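A.B. asks: Here you go, one structure.
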Amino acid sequence: MLLSLKWLHELTPFTVSVEDLAHKLTMLGLEVEEIQNPFAELESVVVGHVLTCEPHPDADTLSVCSVDLGGGVQPTIVCGAPNVAAGQKVAVAPVGTTLPGDFKIKKAKIRGQRSEGMICSEKELGLGEGADGIMVLDADLEPGTSLIEALDLETTVFDIGITPNRADCLSVLGVAREVAAAYDLPLHIPQGDTTPYEGESSLDIDLEISDGRLCPLYQAMGIEQITLKPSPAWMRYRLLAVGQRPINNIVDITNYVLLEQGQPLHAFDRDRLEGDRIQVAPAEEGQTITTLDGQERALQAGELLIWDAAKPVALAGVMGGANSEMQTGSSRVLLECAVFHPGTIRKTARRLALSSESSYRFERGVDQPGSSRAMYRAAALMAEYGAGRIVKGVASSEPLPWEPVRLPFRPERTKRFLALDVDDSFCFQTLTGLGCVVETADPSVWQVDVPSYRLDLEREVDLTEEIARVYGMDQIPASLPRVSKSLESDALRDTHFDFLQQLKTWASGLGLNEAVNYSFVGANDLNCLGLPENDRLFVCNPLSAEQDTMRSALAPGLLQTLRHNLGQGNTTLRLFEIAHTFHADPHSETTAEEIPRLALMLTGRRHEQGWPYPDEELDYTDIKGLVEHLVAWLGQRPEFTLQEGHSYLEPCVRVSVGEQEVGIIGRVNDEVARAYRAKSDVWLAELDIPVLESFAADHEVVFRDLPKFPPVHRDMTVIVPPGVKLQSILDTVRSAQEQLLQDMLLVDIYQPEDSDEQKFTLRLTYRHPKKTLKDKEVDKVHTRLGEYLLSQLPVRFS
């Protein structure tokens, strides 16, 4: 939000420096993100006095002027404006000035006459749309005076980041309350004199609200005999300083009061409304309305409209209708002031991608009791600057009156909560300074009435937060709480978050780097991977065409990460990502099913470059080894089965444990790999986290004494015919259930050139828990295992 400091000073007379005020607001939670000078381009523009004005000898539409700029400077300026005349005070841009639009003023000869500057119009200065003549200033101004000083233009504007919970600070008045409370200053709340014209006219409007939850309050006032014209200069300049484009006096006043008091208002042309009736009711499915920007918008059932007796005239809380806007010749205004349900306005504005200053405030909530003050203020300004008269009476309907909020506040609890010894007097002064009414009859539990504009104060802890905020978060000393934990409580940790942290620890411990990608991907990415369209969720208002769909797999995001890294020269990647995938589910309340997934991606070299590491690329054994290690770490033994016909993995292997499917692993096929500029094989694995978590829940970790006696190793080389897998050999040896066998490890694979048989060398480890084994004992068991293996599988020993 842009905040004019001159405007702020009118409401509370602060005297601190700009830097001190910016720091104070930031410490109060209203972060000043930038300090701007909105009229910085006019700093060189000065007041000039036109001494002489003669017709140009060689041009009928030009004048040659001698202008006094003060200090004895009297340049000659050629001017083409029809209204320039001797004796005027004008705005002059001297040579060297750069006007808005990057227009640089240089010395020039125009039809043979020297010109050393420019006499400016409002449009050339960025102060209005008037381009048919120069800007004529007050005759009392001294030549050489800065135009910024002469027009009292704003020189300092804060760009403040307002958090969603602080809707009360989306106005000059809201920030003024904070400043007044922080520096113990008086607060001036602008009011409006709404004494009606003593005539025969009176406001005779019937109001009908279909659902009080959607519109708790609707009010309207009438102003007649107005004249539509430009706003006064001070108002136009103030609106320009905070980024608002002036339109006309009536529209500008509604914008001015919105920025001043935070209450959106709308001015209808009373003569374009049919009947003496205003309705607030939802739209019907497929109904359309043309808004003030000239766009016809199709509506959905339930979106809120303002109707006259025959037609919709505004999209409630978002934008008015083109069929009821003020136009040249309008003379009667119906001024609307309402309160709408924030969620309804938010949904409509987001769906239509139609954000406005009004919807921005209605989405966060407005001050229902304070809305009348804003309406009276706007009506008084319209009567004053539109030469109009206020009609007697106010049309009002409040089906859902505002209910005051009373909260308990315990000073001692606040002190314990903040670990801060603050005086009760400081707490009392802070709460009353923020607009609360505090009753201290019971010293231990105060009763606090929350002001209507502080919609964020809902619980006692919110009041405690206010104490901390005003005291200064940066002033509260660091104090670590005492936490008592036992080994039993630590052992009972089994939350989903804990499991995800364990997965991240496992992955990083194996040298993988975590990738964090957007949940949004492009439909083109999903098409490239051949993922089904009926499983997709599309984003209604995407940030870009590359982020128009929720990801239904983690592969697209990781492949985009791969493409980015390859573009930066990083050709070896070992990545993991833990995130949700999103799938269409019409039976879900949100129409979406979210599934947490773990993805692994490997590509590039297996070892560091250079001697003594071999020049090898990562392959299937690496990705399979990671998955195997993970499942084994969770106490299970995975099975790997070749899967045919996968859309982007070739080959693709299905990972399962018993009948439970864990996920898939495989190599990204060449066509997809080329699309992401991969030069080496890319290996991917995607695993279901809920399945992995179920393994962890069933896996009991027990403590065993460390072995006290040494192991004995024996090698066994098995000649294996085609079709016999290594896994079947390992399973067969384990099935013998020899008590002394502790571990098995494949140490070598050899395949002779003239044979289709392979030789597997296994290293078996034997150990006894209570004694040192002798060679005879080990040889006996080792021979028995070999004989058992020969009896179960078609293998032989070399």
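A.B. asks: Relative to the first principal axis of the alpha-carbon coordinates of the chain, what is the inclination of helix 424-433, with its axis defined by its Cα atoms, in degrees from 0 to 90 and to the nearest 10?
C.D. replies: 60
A.B. asks: Please identify which residues in the stretch 330-364 have an amide N closer than 18 Å to a label point set 7 Å out from the Cα of D293, following the Cα→Cβ vector.
C.D. replies: From the stretch 330-364, the list is 345-363.
A.B. asks: Then there's this: Expressed in nm to one decimal, what extension gain is obtained for the pair R563 and S791 from 0.36 nm per residue of sequence separation less their Cα-Cα distance?
C.D. replies: On the way: separation 228, 0.36 × 228 = 82.08 nm, distance 5.26 nm.
Residue separation times 0.36 nm, minus the Cα-Cα distance, leaves 76.8 nm.
A.B. asks: With a Förster radius of 45 Å, plug the Cβ-Cβ distance of S588 and M473 into 1/(1 + (r/R0)^6) and report the FRET value to the nearest 0.05.
C.D. replies: That gives a FRET efficiency of 0.65.
A.B. asks: Toward the positive end of the charge dipole of the chain, about the Cα centre and with charges on Cβ (Lys, Arg +1; Asp, Glu -1), which of Q636, P369, M235 goes farthest?
C.D. replies: Toward the positive end, the furthest listed residue is Q636.
A.B. asks: Then there's this: Let me spell out the model: positive unit charges on the Cβ of Lys and Arg, negative unit charges on the Cβ of Asp and Glu, origin at the Cα centre of the chain. What dipole size does that give, in debye rounded to 20?
C.D. replies: That gives a dipole near 1900 debye.
A.B. asks: Between T26 and N534, what FRET efficiency comes out of the Förster formula 1/(1 + (r/R0)^6) with R0 = 41 Å and r the beta carbon distance, rounded to 0.05?
C.D. replies: 0.25
A.B. asks: Counting Lys and Arg as +1 and Asp and Glu as -1, what is the net charge of the other residues whose Cβ lies under 10 Å from the Cβ of T430?
C.D. replies: That sum, taken over residues with Cβ under 10 Å, equals 0.
A.B. asks: Just to confirm the number: angle between the C-alpha axis of helix 555-567 and the first principal axis of the chain, 0 to 90 degrees, nearest 10?
C.D. replies: Its long axis makes an angle of about 80 degrees.
A.B. asks: Could you order the peptides 221-227, 477-483 from most to least packed, using the average number of other C-beta atoms within 10 Å per residue?
C.D. replies: The most tightly packed comes first, giving 221-227, 477-483.
A.B. asks: How much length is gained if the chain between D756 and Y620 is pulled fully straight, taking 0.36 nm per residue apart and subtracting their Cα-Cα distance, in nm to one decimal?
C.D. replies: Length gained between D756 and Y620: 46.8 nm.
A.B. asks: Between R350 and S544, what length in nm is gained on full extension when 0.36 nm per residue of separation is reduced by their alpha carbon distance?
C.D. replies: Result for the pair: 68.3 nm of gain on full extension.
A.B. asks: Gap in Å between the Cα centre of the stretch 431-454 and the Cα centre of the stretch 717-744?
C.D. replies: Measuring centre to centre over Cα atoms gives 78 Å.
A.B. asks: I would also like to ask the following. Mind checking which lysines have their Cα closer than 30 Å to the Cα of K89? Skip sequence neighbours fewer than 8 apart in that chain.
C.D. replies: Output for K89: K6, K104, K106, K107, K109, K123, K229.
A.B. asks: A follow-up question, please. Can you work out the FRET efficiency for the pair D705 and Q501, with r the C-beta to C-beta distance and R0 = 22 Å, to the nearest 0.05?
C.D. replies: FRET efficiency, D705 to Q501: 0.15.
A.B. asks: Helix 726-735 versus the longest principal axis of the chain: what angle, 0 to 90°, nearest 10, using Cα atoms?
C.D. replies: 60
A.B. asks: Report the net charge of residues surrounding A673, where surrounding means a beta-carbon distance below 15 angstrom and charges are Lys +1, Arg +1, Asp -1, Glu -1.
C.D. replies: Cβ neighbours under 15 Å give a net charge of -2.
A.B. asks: In addition: Taking K708 as the anchor, which lysines have their alpha carbon closer than 28 Å to its alpha carbon, excluding any fewer than eight residues away along the same chain?
C.D. replies: Leaving aside lysines fewer than 8 places away in the same chain, those within reach of K708 are K770, K771, K774, K776, K780.
A.B. asks: Turning to a different aspect of this structure: Using Cα centres only, tell me the gap between the stretch 631-682 and the stretch 296-328 in whole Å.
C.D. replies: 55
A.B. asks: So, one more: Find the relative contact order for the chain and round it to a whole percent, using C-alpha pairs within less than 8 Å whose residues are 6+ positions apart.
C.D. replies: Normalised by residue count, the contact order of the chain is 8 percent.
A.B. asks: Alpha carbon centre of the stretch 248-282 versus the stretch 158-174: separation in Å?
C.D. replies: 23
A.B. asks: If contacts are Cα pairs under 8 angstrom and at least 6 residues apart, what is the relative contact order of the stretch 21-166 in percent?
C.D. replies: Result for the stretch 21-166 is 32 percent.
A.B. asks: Mind checking the dipole of the stretch 216-347: about its Cα centre, +1 per Lys or Arg Cβ, -1 per Asp or Glu Cβ, Debye to the nearest 20?
C.D. replies: So the dipole magnitude of the stretch 216-347 works out to roughly 420 debye.
A.B. asks: Let me ask another. Name the residues whose placed amide hydrogens come within less than 5 Å of the amide hydrogen of T52, ignoring near sequence neighbours (fewer than 5 apart) on the same chain.
C.D. replies: Distant-sequence amide H within range of T52: S66.
A.B. asks: Between T52 and T163, what is the spin-label point distance in nm, taking each point 7 Å from the Cα along the Cα→C-beta axis?
C.D. replies: Distance between the two pseudo-spin positions: 6.7 nm.
A.B. asks: Among F426, G723, A309, whose Cα sits farthest toward the positive end of the charge dipole of the chain (+1 at Cβ of Lys/Arg, -1 at Cβ of Asp/Glu, about the Cα centre)?
C.D. replies: Sorting the options by dipole projection puts first G723.
A.B. asks: Could you give the dipole magnitude of the stretch 405-475 about its Cα centre, charging the beta-carbon of Lys and Arg +1 and that of Asp and Glu -1, in debye to the nearest 20? Walk me through the intermediate numbers first.
C.D. replies: Values: 8 positive and 14 negative charges, 19 e Å.
In debye, rounded to 20, the stretch 405-475 gives about 80.
A.B. asks: Turning to a different aspect of this structure: Suppose only helical runs count, i.e. DSSP H with n ≥ 4. What mean residue ellipticity at 222 nm does that imply for the chain under -39500 (n - 2.57) per run, divided by all residues and rounded to the nearest 500 deg cm²/dmol?
C.D. replies: -8000 deg cm²/dmol
A.B. asks: Net charge within 15 Å of A108 by Cβ-Cβ distance, Lys/Arg positive one each and Asp/Glu negative one each, not counting A108 itself? Intermediate results must be reported in sequence, preceding the final value.
C.D. replies: Values: positive: K104, K106, K107, K109, R111, R114; negative: D58, E116.
Cβ neighbours under 15 Å give a net charge of +4.
A.B. asks: Dipole of the chain (Lys/Arg Cβ +1, Asp/Glu Cβ -1, origin at the Cα centre): which of Y256, A579, Q660 lies farthest to the positive side?
C.D. replies: Going by the charge dipole, the pick is Q660.
Here, each number is a calculation from the coordinates, and none is a lab measurement. Computed from a prediction, not measured in an experiment: that's the story for all the values here. Virtual Cβ from ideal backbone geometry, glycine too; neighbours counted across all protein chains shown.
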